Amino acid sequence: MHTLGEIAEFINAKLVGDASVKINGIASLQRSNSNQLSYIVNGKHKRDLISSQAGVVILDKSLLDDCPTNALIVDDVYLSFAKISHYFKKQITHQAGIHPSAKINNAKISTTCVIGENVIIGHDCVIGPNTIIEDNVTIGDNAYLYPNVTILQGCLLGKNVVISSGAVIGSEGFGNARDNQGRWHTIAHLGNVVIGDNVTIGANTAIDRGTLEDTEIHSGVRIDNLIHIAHNVIIGQDTAIAANTGIAGSTTLGKRCMIGGMVGIVGHLNICDDVVVNAKSTVDKDIKTPGVYTGIMPLMSHKQWQNVGLWLVKLDKITKYLNIKLKNLKGK
């Protein structure tokens, strides 16, 4: 727990408010309480700022008049958030064996596993050799974890989950802020990964923890080998994702979707229920209508791609125009 005075000094902020207020965590504007810090990068989320219950908000001076609570005024909000996030990241020290506080219900656990503090493992689970389960993880009944699986702190797994070798659940998300000298500052990810019931996860797949809120894998999902699911992604119920697919941060996939191999899905998108994306496609915009989608193009310079893309969207109109012209010529 840190006082606002300490936080302001650490990020070189101007404090407007009570320096003695104590902060014990970070949360989004919508979900924060009076003991938590939040931040707002621009006016897009001004409505959330006005109604926020946060104990303090990091912002720039243009939004100060809309802040209902203590404020930390900085020039670069995202960079300041990146720096302060590490204040609230709990570091785990791995100790061999099973921690005395772990609650294990009739599970088969290899002697080479590491089981951390306050871990809960349900009935009839199997935990393979060299698997690491960090502090405060909960695993539901009948889970099967193959050798060399890593479940990082705070993650929640439902019943009948199967995770193949080499998978990492709760890895650090890829969030970085750049300072005015071009140097990167890593953001500590404080959310978790929440996995529903009857989910299978393939070998060497990585599912990143959320930045402040959780990454969610809903019940019945099937995830193949060598897949990367970034921070704050939500995968809807009974969706299947084939190998070598990458899904960037804060994208939501609906229910019963099927994503082919080597698909790339960019961040902050919404894909509706019952969508099929064919192999090697790139999804770079929201999909609002169920159906089958394909998007495959050769690599080229970005400027060339902009020109190509401009003509591609006009091809249908051009074809219709040319057909009309051709008919008119034949008529003559």
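Our analysis of region 218-275 gives Rg over Rh at 0.91, with the two radii drawn from alpha carbon positions and Rh computed by the Kirkwood formula. Would you work out what percent of the accessible area of the chain, with all protein chains in place, is carbon or sulfur (probe 1.4 Å)? C and S fraction of accessible area: 52 percent. Just checking the listed ones, Arg256, Arg31, Arg222: in the Gaussian network model of the chain with Cα springs under 10 Å, the one fluctuating most is Arg31. For region 1-125, the convex hull spanned by the alpha carbon atoms encloses 142 Å³ per residue. For region 1-141, the tally of Lys pairs with Cα-Cα distances below 26 Å comes to 18, considering only residues 8 or more apart or on different chains. The alpha carbon radius of gyration of region 125-263, expressed as a multiple of 2.2 N^0.38 Å, is 1.02. Within the chain, the ratio Rg/Rh, alpha carbon atoms throughout and Rh by Kirkwood, equals 1.08. Our Cα-only numbers for region 139-192 put the radius of gyration and Dmax at 15.7, 51 Å.
Springs between Cα atoms under 10 Å define the GNM used for the chain, and in it the highest mean-square fluctuation of Gly191, Gly122, Gly295 occurs at Gly295. In this simple spin-label model, placing a label point 7 Å from the Cα along the Cα-to-Cβ direction at both Lys317 and Arg47 gives a separation of 3.3 nm.
Taking +1 at the Cβ of each Lys and Arg and -1 at the Cβ of each Asp and Glu, which of Gly166, Val137, Pro100 sits farthest along the dipole of region 97-181 towards its positive end, judged by Cα position relative to the Cα centre? So the residue we want is Gly166. Rolling a 1.4 Å probe over the protein heavy atoms gives the chain an accessible area of 53 Å² per residue.
Comparing Tyr293, Tyr78, Tyr321 in a Gaussian network model of the chain (Cα springs below 10 Å), the most mobile by mean-square fluctuation is Tyr321. Remark: the chain carries a charge dipole of roughly 1860 debye about the Cα centre, counting +1 on each Lys and Arg Cβ and -1 on each Asp and Glu Cβ.
In a reduced charge model with +1 at each Lys and Arg Cβ and -1 at each Asp and Glu Cβ, region 189-332 shows a dipole moment near 1480 debye about its Cα centre.
In terms of Cα atoms, the Rg and Dmax of region 51-194 work out to 19.7, 58 Å.
The values are calculated or read from the model by the stated rules, or taken from the named source; none is laboratory data. Computed from a prediction, not measured in an experiment: that's the story for all the values here. Reconstructed Cβ throughout: ideal geometry from the backbone, glycine too, with neighbour counts over all protein chains shown. Note: areas computed on protein heavy atoms with side chains; ligands, DNA, RNA excluded. Shrake-Rupley method; radii C 1.70, N 1.55, O 1.52, S 1.80 Å.
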